[in-house]
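Peer 1: Submitted below is the structure of interest, expressed as structure tokens.
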Amino acid sequence: MNTTQILADVINSARNKEGLPWVPYTADGRTKTDIVRLYDDRGPNNDGPSAALVRYHAGARTQRHVHPGYELIFVLDGVLHNDAGAHAAGTIEVCPPNSSHELWSDEGCTFLVVWEQPVKVVQTRPLSDLQAA
């Protein structure tokens, strides 16, 4: 299967996102977030790549974190916000190793994310602070 077909399959799946096996995703201080893991090759030392479809409900937030490896984000619907601004459907963002950001969505969004390495939280706030922000 070529890359174009994989992306087409992801986009078609996202269009029918209610039929996907979403589960709540609260790791690393996330709020109002669901995930469908596409693959997860993290090893016993919690290193290695993984990819997922992530759905932010309106008001979702993720705490500031750093990426030890590359992160690729492809916004499928809605608007995803980070330190660099608002990213509408169709936006592809590549975050280089050792970059950091917070993510949120006021209106909700769905995106494909590919992590070269798991993220590391650099700022921890109580969930009540995140929800009030």
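Peer 1: Does Tyr39 fit the bill of being open to solvent by 40 Å² or more (accessible area, probe 1.4 Å), hydroxyl-bearing (Ser, Thr, Tyr) and at pLDDT 90 or above?
Peer 2: It is false that Tyr39 is open to solvent by 40 Å² or more (accessible area, probe 1.4 Å), hydroxyl-bearing (Ser, Thr, Tyr) and at pLDDT 90 or above.
Peer 1: Here's another thing I want to ask about it. Can you spot a residue in segment 13-24 that is among the hydrophobic types (A, V, I, L, M, F, W, C), closer than 20 Å to Glu116 by Cβ, at pLDDT below 90 and touching a strand residue (DSSP E or B) at 6+ places or on another chain (Cβ under 9 Å)? Lay out the reasoning, then the answer.
Peer 2: Initially, segment 13-24 is screened for residues among the hydrophobic types (A, V, I, L, M, F, W, C), giving 14, 20, 22-23.
After this cut, where a residue has to be closer than 20 Å to Glu116 by Cβ as well, the list is none.
No: segment 13-24 contains no residue that is among the hydrophobic types (A, V, I, L, M, F, W, C), closer than 20 Å to Glu116 by Cβ, at pLDDT below 90 and touching a strand residue (DSSP E or B) at 6+ places or on another chain (Cβ under 9 Å).
Peer 1: For segment 83-112, how many residues meet the condition of being polar (S, T, N, Q) and under 15 Å from Pro68 (Cα atoms)?
Peer 2: Residues flagged as polar (S, T, N, Q) and under 15 Å from Pro68 (Cα atoms) within segment 83-112 amount to 3.
Peer 1: Would you pick out the residues in segment 62-99 that are of a type in the set (Gly, Ala, Ser), at pLDDT below 90 and assigned to a strand (DSSP E or B)?
Peer 2: Once the filter is applied, which keeps residues that are of a type in the set (Gly, Ala, Ser), at pLDDT below 90 and assigned to a strand (DSSP E or B), segment 62-99 yields only Ser99.
Peer 1: Ok, one more. If you scan segment 42-68, which residues turn out to be buried (at least 19 other Cβ atoms within 10 Å of the Cβ) and within 12 Å of Trp115 (Cβ to Cβ)? Let's see the steps before the verdict.
Peer 2: Taking segment 42-68 as the starting set, the residues that turn out to be buried (at least 19 other Cβ atoms within 10 Å of the Cβ) are 53-56, 60-63, 65, 67.
Hits for segment 42-68 are Val54, His65, His67.
Peer 1: Looking at this structure, is Asp34 in contact with a His (Cβ under 8 Å, 6 or more places away or on another chain) and of a type outside the set (A, V, I, L, M)?
Peer 2: yes
The values are calculated or read from the model by the stated rules, or taken from the named source; none is laboratory data. Please read all numbers here as calculations on a predicted model, not as lab measurements. Cβ atoms come from the backbone with ideal geometry, glycine included; neighbour counts cover every protein chain shown. Ligands, DNA and RNA are stripped out before the accessible areas are found, and what is left, the full protein with its side chains, is counted by its heavy atoms. Shrake-Rupley method; radii C 1.70, N 1.55, O 1.52, S 1.80 Å.
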